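Shown next, in structure tokens, is the structure this report addresses.
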Amino acid sequence: MDHRVINFGAGPSALPEPVLEEAMKGLLNFQGTGIGIAEISHRSKEFGAFLSNVESLIRSQLGVPSTHSILFTQGGGSAQFSAVVLNFLARHRLLHPELSGEDPVLDYVVTGSWSKKAAEEAKRLGGSKVNIAADARKHSQDQKSFDNIPPHDAYTFSADPALIYYCENETVDGVQYSNNESAPSSFPFHLLKQGSLLPLVADYSSSFMSRPIPHLADHALIFAGAQKNIGPAGLTVLIVRQDCIVDVDAAAKLGAIPVPLTMSYKTLADSKSLYNTPPVLTIFISGLVLQRMKDQGGVEYYAEVNRRKAEKVYEVLKTGKSKGVLHGKVKEGSGSWTNIVFDVLGDGLEAKFLAEAEKLGMKSLKGHRSIGGIRVSLYNAITEEQTDKLVAYIFDFVEQNA
Ligand code: PMP
């Protein structure tokens, strides 16, 4: 479709065109039922089969073990900021009824705007003490920016926290954990208590399905909103280890904070994610995206393409090549593959950068309002060719404005 531009937006973000075309057909007639996908009952056998296939597509591509359930819910990543606290406090209370009356500790690693927000919600909900296990700002150049993944010796985990929380990819600030375990910017899995069922929680909202998940089986919960790599907004995917699906009402009787039924992982698990009406259309489009991913070689294939796309953009930001016109905001080695943030230096040059890109059909490059600058989001639907077009433009821009 020639009126479409390249959308480098951070989310909701670009979706593959062939999927959108197929989705249009499904809107009129879902799998030959004669009923459109936005109109069909979520309890119909056709939708039930589709939903269970969406689960299989995630399970097989990420290698999710049988110890973990895949659940679907709503409320986005933000609702999980609250749900994780409530469900893990309930779990901790059931594991340690003898500690009734004491507030358990929640460990939060703060590497950017989203993990900061999650930690604030944990404090707000109460019933726990929040320990900031590491704060990336303390390791930044100006002591206040989220421009790095902290070194391994910066972490202080508690002895028996009710949860240990981190955000794998900080969408606003453009920092991401390395997926190479020997890199200093990898997550320090080796510092966690080995051999126990760790309450390790990860926000994968903006990197879900972009590459394999390191140490997936060691996680208690991985959550992600759909609206970046897999579909429209409205769906949240949870990969949850079964020991974290607990009877929240039994925990409440022991003094834990009551958990709203729609937020309880047990409600979702018992009802096979159909406790109430799910976002049927979003699940449909996400299923089409995931099927296409599988047909193309799965998450491993996307990881390779995504690595190359990111390398190409970071290459232009290197000092020798950006000629004082551009300045990457993130410390080398901590940069996200998905959201790449930089400043355009010089009076009026940022506006010029955005305007000229737009004339060439490249949109949504403006950085998040909280940090400004430019943000290039390279989700799965952005092809390598589209990335090449952007990179060529950036090189040209640097040449003309150096
Ligand atoms: N975590 C991360 C890393 C995000 O990027 C976002 C949204 N951009 C959220 C959480 C919040 O997600 P939602 O808007 O779906 O609540």
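Bear in mind these aren't lab numbers, they're just calculated from the coordinates by the rules spelled out. Please read these numbers as outputs of a predicted model, since none were measured by experiment. For neighbour counting, all protein chains shown are included, and Cβ atoms are generated from backbone atoms with ideal geometry for every residue, glycine included.
Of the DSSP H helices in the chain, those with a Cα length along their own long axis of 27 Å or more and a mean Kyte-Doolittle hydropathy reaching -1.0 comprise 76-95, 298-317. For segment 11-64 and segment 284-301, what is the separation of their Cα centres, given in Å? The two parts, judged by their Cα centres, are 12 Å apart. Determine which residues of segment 372-392 fall in the zone a paramagnetic label at residue 327 would reach in this model, i.e. backbone nitrogen under 19 Å from the point 7 Å along Cα→Cβ. Counting backbone N atoms under 19 Å from the label point, the list is 372-376.
Packing order of peptides 232-242, 212-222, 25-35, highest average first: 232-242, 212-222, 25-35 (average count of other Cβ atoms within 10 Å over each peptide's residues). The lysines whose alpha-carbon is closer than 18 Å to the alpha-carbon of residue 272, local same-chain residues fewer than 8 away aside, are 45. Can you list which of the trypsin sites (Lys or Arg not before Pro) found in segment 105-181 are DSSP loop residues with at most 11 other C-beta atoms within 10 Å? The qualifying sites are 144.
Using C-alpha pairs under 8 Å with a sequence gap of at least 6, the mean separation divided by the residue count of segment 45-293 gives a relative contact order of 27 percent. Any of 309/329; 323/366; 123/366; 318/352; 228/294 with alpha carbons more than 23 Å apart? Name them for me. Pairs exceeding 23 Å: 123/366. Given their separation in residues at 0.36 nm each and the Cα-Cα distance between them, residue 253 and residue 20 gain 79.1 nm when the chain is fully extended. For the pair residue 389 and residue 233, a Förster radius of 30 Å applied to the C-beta separation gives a FRET efficiency near 0.65, rounded to the nearest 0.05. Legend: residue pairs 116/193; 116/266; 359/389, Cα-Cα distance threshold 20 Å; pairs beyond threshold, 116/193; 116/266. You can think of it this way: the chain between residue 94 and residue 295 has 68.0 nm of extra reach, that is 0.36 nm per residue less the Cα-Cα gap. The longest stretch of the chain left intact once loop-based GluC sites (Glu not before Pro) with at most 15 other Cβ atoms within 10 Å are removed from consideration, loops following DSSP, is 182-331.
Toward the positive end of the charge dipole of segment 275-343, with +1 on the Cβ of Lys and Arg and -1 on the Cβ of Asp and Glu, the farthest Cα among 341, 326, 287 is that of 326.
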